[in-house]
Amino acid sequence: MKLRTHTCGELKKTHVGETVTLSGWVHKRRDLGGLLFVDLRDRYGLTQVVFHPDTLSDFSVAESLKYEYIITVTGDVVARDEKTINTDLVTGEIEIHATDLKIQSTAKPMPFEIFDTQKGEEDEDLRLRYRFLELRRERLRENVIFRNKMEQHIHKYMQERDFLHIATPILTVSSPEGARDFLVPSRIHPGKFYALPQAPQQYKQLLMVAGFDRYYQIAPCMRDEDPRADRSPGEFYQLDCEVSFMSRDEFFDLVEPLFVELTEQIAGKKIQQTPFPRIPFKQAMEEYGSDRPDLRFGLKLVDVTAWGNASDFKVFATAPFVRALKIDGGHEWSRKQIEEEFEDTAKRAHAKGLAWMKFVDGTADGGVAKFFSEEQLSALKQSLSLTENCIVFFVADEWEVSC
């Protein structure tokens, strides 16, 4: 006897009349008094199974079913009535009328509901202790499947472009990277240690020297560092690749379509602009003060060195660089806010200070506005395209600080 002829996410109206065998977990059960409905679950989906005393040889076995029992059911595929069709399920147009039932494994009461809609609001320690149960939940299951789809797509994409998938050693020697190493003591050589790789950098360089001109792997990276908001502690996996005889722009053209495909075809999101916009490092620093700027905000630094050097304000007149940042609506901020929030931030970034002036209804006021003539203020308004109500911050310093 087969334990499964179909999955719980497979059967449709085209299967009506067939006799099938399903195996899975009891997801939900509803006892309507002499008629028992069970939602049977596997990783592919849900299928409704109907148990009736007239068609099942031992109905008491069906009555004993509890949540998360693992069962094997054989029965006939029957079309549901129009009123009972469940449009939320792929299998919602059919149900199985069971003729045979076998309990493969019983289950103790669950520490939390598998189908609960709280989506992991239970105590984290409890969920991690029973991680194998939490992974039965749809959201986490879909995360695992999603990652598998991404990795499959990466492999297909790279193989089609003649990249070789090569696994590099996990137990290796320590190499200078950006974090501390995880160390593994050697049994054969007491007092000596292996290091888990922070990245396969040295090995992929050796592969290039050996003539393997296109290498990739989805590589584990082990870094002994504290958890932060933008990184996973300890371990993560990355698409690691290396090529020979290829320019920087050629490499960009090679990998950008992969990121677009992963985003649009696998994640179902839309990339706003392709090819990805590129700006030189110098421009990024001078306009955004960062080598990884977030372009969505549009808060650009503007070089007003010539304007500042031509003024009578000594700080600007002698500064090698003067940069300005305009923020619409900032005219409402108080002097205390500016000093406590913005000036302190500027000083932590090694600036000697933070100059500012407000424009209220088009008129300059406060801060360093008194040091400039109407003509100079008018020139500033024009160069910065100032609105009627805004605040302008200035930093006058060396290039690295002014950015």
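The values are calculated or read from the model by the stated rules, or taken from the named source; none is laboratory data. These numbers come from a predicted model, not from an experiment. Cβ sites come from the backbone with ideal geometry, for glycine too, and all protein chains shown count toward neighbours.
Within the range 224-262, the set of residues being part of a strand (DSSP E or B), under 25 Å from His153 (Cα atoms) and acidic (Asp, Glu) comprises Glu235, Asp240, Glu242. Could you please find all residues in the range 123-139 being part of a helix (DSSP H, G or I), modelled with pLDDT of 90 or more and under 22 Å from the mean Cα position of the chain (by Cα)? Arg127, Leu128, Arg131, Glu134, Glu138, Arg139, listed by residue number. In the range 294-314, the residue that is surrounded by the most Cβ atoms within 10 Å (Cβ to Cβ) out of those that are part of a loop (DSSP other than H, G, I, E, B) and among the aromatic types (Phe, Trp, Tyr) is Phe313. If you filter the range 141-174 down to residues that are acidic (Asp, Glu) and within 25 Å of the chain's Cα centre (by Cα), you find that the one that is nearest to Gln217 (Cα to Cα) is Glu151. In summary, Asp54 fulfils each of the numbered conditions (1) closer than 21 Å to Gly17 by Cβ; (2) of a type outside the set (S, T, N, Q); (3) in contact (Cβ under 8 Å) with a residue 40 or more places away in the chain with the single exception of condition (3).
If only residues of the range 223-260 that are exposed (fewer than 12 other Cβ atoms within 10 Å of the Cβ) and among the basic types (Lys, Arg) are counted, the one that is nearest to Thr168 (Cα to Cα) is Arg248.
A single member of Asp54, Asp81, Asp58, Asp88 is loosely packed, with under 15 Cβ neighbours inside 10 Å and under 41 Å from the mean Cα position of the chain (by Cα), and it is Asp88.
Scanning the range 57-116 for residues that are acidic (Asp, Glu) and not in a loop (DSSP other than H, G, I, E, B), we see that the one that is farthest from Val16 (Cα to Cα) is Glu63. A residue that is out of contact with any strand residue (DSSP E or B) (no Cβ under 7 Å at 6 or more places or on another chain), in contact (Cβ under 8 Å) with a residue 40 or more places away in the chain and assigned by TED's automatic domain parsing to the domain that holds Cys241 occurs nowhere in the range 179-189.
Yes or no: Phe163 touching a strand residue (DSSP E or B) at 6+ places or on another chain (Cβ under 6 Å) and in contact (Cβ under 8 Å) with a residue 60 or more places away in the chain? Yes, satisfied. Tell me yes or no: at least one residue of the range 264-274 is assigned to a strand (DSSP E or B), exposed (fewer than 13 other Cβ atoms within 10 Å of the Cβ) and modelled with pLDDT of 90 or more. Within the range 264-274, none of the residues are assigned to a strand (DSSP E or B), exposed (fewer than 13 other Cβ atoms within 10 Å of the Cβ) and modelled with pLDDT of 90 or more. Annotation: of all residues in the range 91-116 being modelled with pLDDT of 95 or more and among the hydrophobic types (A, V, I, L, M, F, W, C), the one that is surrounded by the most Cβ atoms within 10 Å (Cβ to Cβ) is Ile96. Scanning the range 278-293 for residues that are closer than 22 Å to Asp328 by Cα, of a type outside the set (Gly, Ala, Ser) and not in a helix (DSSP H, G or I) yields a count of 1.
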